[in-house]
């Protein structure tokens, strides 16, 4: 019995030490393989970082979503007088922060795509004409790049100063930027750095020309969609105005609260949300696939 008590106490001390010192959980005697190979950055945190919101954590983001859900649900209940329409309106309102952050990330990516042809051309000139090394040219050009890209280049530069490992440094840069053009440029520079050769100038020139054509094509498509994007707002404004007007005509508010009225409101809300989502998907431009994503 004393031996059993001593063994139990020893195992308890070991579990306590590993949980505090190594950050493990459960009843194992060390970090598991899956935990050791787990990505350091959660997917939501990386997504927020790519949207330029490094200071916003997942908890703050979830809190904003929950707050808007509550406000939209209260507004839906005050308008339609029923729990199911209120929950539907609340869920739709809660999707706006997600759509807003996604739009912010998309706009940030578009600005990065517009800047990359010029940055690639500058890197080409510095490596070919000025004789700069690839890492020095990359970080010097990135430090003068758009404001949206500078934090990613600063993080990659810190990684380079600490490790002088270019593949690892470019992995940090690609993870922070989350852009297909950045992936292609980083892989081109990595191959040139590892294999050497004199064709880096030609490859960077071809990559810059290709990215410039892609940016111009996207600008043309966006300009043609301007009218349709403005008209999409009326998908929400017109039904909301008609619903508000219906509450002030006769017994419209009581009609909303009836069983039949609640079903009609649910169907109408579902149709409005479906049209809103469908219009957004139709006008969404295809994104360049990240073939070099880690």
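The values are calculated or read from the model by the stated rules, or taken from the named source; none is laboratory data. These numbers were taken from a predicted model, which means no experiment stands behind them. Note that we place each Cβ from the backbone using ideal geometry, even for glycine, and neighbour counts take in every protein chain shown.
Note on region 113-133: residues that are surrounded by 17 or more Cβ atoms within 10 Å (Cβ to Cβ), over 26 Å from residue 218 (Cβ atoms) and touching a residue at least 40 places away in the same chain (Cβ under 8 Å) total 1. You will find that of 73, 137, 63, the residue that is part of a helix (DSSP H, G or I) and surrounded by fewer than 16 Cβ atoms within 10 Å (Cβ to Cβ) is 63 and no other. Residues of region 88-106 include at least one that is in a helix (DSSP H, G or I) and closer than 27 Å to residue 209 by Cβ.
Only one entry in 217, 246, 241 is in a helix (DSSP H, G or I), closer than 30 Å to residue 95 by Cβ, in the same structural domain as residue 92 (by TED's automatic domain parsing) and free of Cβ contacts under 8 Å to residues at least 60 places away in the same chain, namely 217.
If the condition is being modelled with pLDDT of 85 or more, in contact with a helix residue (DSSP H, G or I) (Cβ under 7 Å, 6 or more places away or on another chain) and farther than 19 Å from residue 166 by Cβ, then region 117-147 contributes 117, 121. Of everything listed in (1) modelled with pLDDT of 85 or more; (2) over 19 Å from residue 75 (Cα atoms), the single unmet condition for residue 269 is (2). Taken over region 150-187, the criterion of being outside any helix (DSSP H, G or I) and either in contact with a helix residue (DSSP H, G or I) (Cβ under 6 Å, 6 or more places away or on another chain) or outside the structural domain of residue 112 (by TED's automatic domain parsing) (or both) is satisfied by 178, 179.
Residues checked against (1) more than 25 Å from the chain's Cα centre (by Cα); (2) over 17 Å from residue 290 (Cβ atoms):
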residue: 113; (1), (2): no, no
residue: 130; (1), (2): yes, yes
residue: 136; (1), (2): yes, yes
residue: 162; (1), (2): yes, yes
residue: 168; (1), (2): no, yes
residue: 181; (1), (2): no, no
residue: 184; (1), (2): no, no
residue: 206; (1), (2): yes, yes
residue: 211; (1), (2): no, no
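When 49, 34, 45 are checked against the criterion of being in a helix (DSSP H, G or I), modelled with pLDDT under 75 and loosely packed, with under 14 Cβ neighbours inside 10 Å, 34 stands alone in meeting it.
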